[in-house]
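Following: one structure in structure tokens, then a few remarks.
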Amino acid sequence: MMDAIGSDFPLWLRAQHLLNFILMGMLIRSGVEMLSSLPRLWWRNDCAPGTEWLKFTKRELPKEEGVYTSLMDEKSVHPALSLPGRENIGLGRHWHGVSVMLWVLNGLIYVILLFATGLWRRIIPTSWDVFPEAFESLKMYLSLQVPDLSHFSPYDSLQMLGYTFVIFILAPFMMITGVAMAPAIRARFPRFVKMLGGHQGARSLHFIGLVMFTGFIIVHVALVFLVHREHNVIHMVFGGGEVATARVAQATVIIVSTIVAVTVFWIALSYWSLADRARAQRFTAGFTEIGRKIFLNKLRPLGKKNAVYTAEDISEFHWTNGLPPTDEESPEWLAARERNWDGLTITVRDDINGVEKQLSVEDLKKLPKHSYIATHTCMQGWSATSEWAGVRLTDLMAILGPRPEGARYLLAESYGLAQKMYDNRPREPFYAAIDLETMEEEESILAYERNGKPLDDHLGAPARLRVESNHGYKHVKWVSRIMWIHDYAEYGDGRGGTREDSALQAFNGRI
Ligand SMILES: Nc1nc2c(c(=O)[nH]1)N[C@H]1C(S)=C(S)[C@@H](COP(=O)(O)O)O[C@H]1N2
Ligand SMILES: [Mo]
């Protein structure tokens, strides 16, 4: 039966194999970058200090809330090991997005061709005999023997099981646990995310998948060279044909130089990114925005219909990113805190026509109140679930009347300053802009309560933005001003927010 399909490797298969190798390397390397930005893993969705099941850092976490930010937990990885390295999670996330889009595309074409050509029968077992046969080969390998070439047509039972698992189980598992970490997916499919153990469950499972993939690659590459090497290298490079010494030598040289070239390419991507981070952000985020447009932007959050997260899910601990304004950042905010926010103003403005109104915290509380339970995810990797209450952004902006002509975004600014600016300029107020669809979502609010109590200082008192379909970097704390704008290019460094400017995050915070 196998002879009818043959044991040659057609050109498309060899090309896709190479492409897959390049992309897997990019995925793993950018994955390491993301992990290094918060080198801890949890099964608990509140990421309470000391409850990690695995950590790659010696730092001890303070048990107290609001003294240690996730930015302080970042570890710098050498650009040879991660993409791009040196605490660049923004670019790491974009590269992960670029490579995953190409990897999924490559995978889909591969699976389609596999079925179209009938070659699937070489990989997917069609008889239960595969299990005892695979067990026999395994016993042989363990006793350091090698099954005869006649067992491979072109794969033996152990390979069939291994490849079927990697292609049809592990790869989809990585896609599922990967997208489950996106706030936009959680807002639209909360049940699905909860089933995976929430954001932290998905993150930990995704990591375990990474370990399995890496283990597979190591064993797979080792076996290519240890078991019938001459036969393998000829098939990998030429697709098949005679196993002659000269051809084996040629194939080996081609493989080794390809591996060297790909490794150089991987590392070159890191240095290319680090050489001009803004350029790398434009290129990569421009590319991934195509994917966001197709898969994420149209997903509207469930809003009120989302009763999936309940009081039972509320976190004991809430991580923080960004510490409250200091005296040097905002004496105004500090003084008002002493007076229980008396005299503090929140400005609601139309920056296109220069019209504004000032609200006190008391005025804010008189507007319609909206509350819900949702999970916060920082793109660095931690999460926390809380009940938030405040004023929907649509209700808040309505106090200025109808949306002014030309308004395309809403921009919120903080009493606190950015930790650092892109080019080390003097620090400016932390800010973030969101588009109209996002601001109109039910769970886009200016929050003044968490779990039924006024906000804690470190969580943004007296009022902070909540945009549940987006990552934490859009949720401006200690809001001073919120305004209609025409184009975010005219504010800050022009990338739509402080984390976009300084950490090269994408304007679109939905994944
Ligand atoms: N003013 C201000 N707002 C901010 C930040 C900041 O540094 N300053 N950090 C953002 C990021 S990256 C995250 S993840 C959340 C963290 O919110 P939390 O500290 O309330 O948990 O706040 C966001 N809002
Ligand atoms: Mo964040």
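Values quoted throughout were computed directly from the atomic coordinates according to the rules given, and no laboratory measurement underlies them. Everything numeric in this text was worked out from a predicted model, so none of it was measured. Don't worry about glycine lacking a Cβ; one is built from the backbone with ideal geometry, like all the others, and counts go over all protein chains shown.
For the reader, a short list of remarks on this structure follows.
- Size descriptors for region 1-152 (Cα atoms only): Rg and Dmax, in that order, 22.4, 67 Å.
- Mean Cβ count within 10 Å, highest first, over the residues of peptides 341-349, 155-163, 61-69: 155-163, 341-349, 61-69
- Counting only whole DSSP H helices of the chain, the ones at least 20 Å long by C-alpha along their axis and with mean Kyte-Doolittle hydropathy no lower than -1.0 are 11-36, 89-116, 198-226, 245-275, 277-291.
- Each of Leu113 and Ala222 was given a label point 7 Å from its Cα along the Cα-to-Cβ line. The distance between the two points is 3.0 nm.
- Above-threshold pairs, the threshold being 20 Å between Cα atoms, out of Lys75/Lys293; Lys63/Lys474; Lys304/Lys357; Lys304/Lys369; Lys55/Lys194: Lys75/Lys293; Lys63/Lys474; Lys304/Lys357; Lys55/Lys194
- The residues packed around Trp341, meaning those with a beta-carbon under 15 Å from its beta-carbon, carry a net charge of -1 if Lys and Arg are +1 and Asp and Glu are -1.
- Net charge, Lys298 excluded, C-beta distance under 11 Å - Lys, Arg +1, Asp, Glu -1: +4
- Farthest toward positive dipole pole in the chain [+1 Lys/Arg, -1 Asp/Glu at C-beta], among Ser383, Phe207, Leu446: Phe207
- Spin-label proximity, Asn451 to region 370-406 - amide N less than 18 Å from point 7 Å beyond Cα toward beta carbon: 371-378, 382-390
- Sorted from longest to shortest, the spans of the Cα atoms of region 82-146 along the three principal axes equal 48, 36, 17 Å.
- The mean of 1/r over all distinct Cα pairs in region 309-503, once inverted, gives the Kirkwood hydrodynamic radius of 16.8 Å.
- Scaled against 2.2 N^0.38 Å for its residue count N, the alpha carbon radius of gyration of region 212-280 is 1.49.
- Three semi-axes of the equivalent ellipsoid, region 253-341, Cα gyration tensor, whole Å, largest first: 44, 26, 16
- Charge sum, other residues only, whose C-beta stays under 15 Å from Trp272's C-beta, Lys/Arg counted +1 and Asp/Glu -1: +3
- Among beta bridges that DSSP assigns inside the chain, antiparallel share in %, nearest 5: 90 percent
- Remark: region 44-55, residue by residue, has Karplus-estimated 3J(HN,Hα) of 8, 6, 9, 6, 4, x, x, 9, 4, 8, 7, 9 Hz, where x stands for each Gly or Pro and the curve is 6.51 cos²θ - 1.76 cosθ + 1.60 at θ = phi - 60°.
- Spin-label model distance (nm) - Leu436 vs Asp395, 7 Å beyond Cα toward Cβ: 2.2 nm
- Ellipticity estimate at 222 nm from DSSP helix runs (n ≥ 4, -39,500 (n - 2.57)) divided over the chain, nearest 500: -13500 deg cm²/dmol
- FRET efficiency, 1/(1 + (r/R0)^6) with R0 25 Å, evaluated for Phe287 and Ile176 via beta carbons: 0.65
- Value of relative contact order over region 1-153, rounded to a whole percent, pairs C-alpha under 8 Å and six or more apart: 27 percent
- Computed E for Val253/Ile169 - FRET, C-beta separation, R0 25 angstrom, nearest 0.05: 0.10
- At R0 = 45 Å, FRET efficiency that the Cβ-Cβ distance of Ile208 and Arg427 yields, to 0.05: 0.70
- Cα extents of the chain along the three principal axes, largest first (Å): 86, 46, 45
- Here the contact order of the chain, divided by its residue count and restricted to Cα pairs under 8 Å and six or more residues apart, works out to 18 percent.
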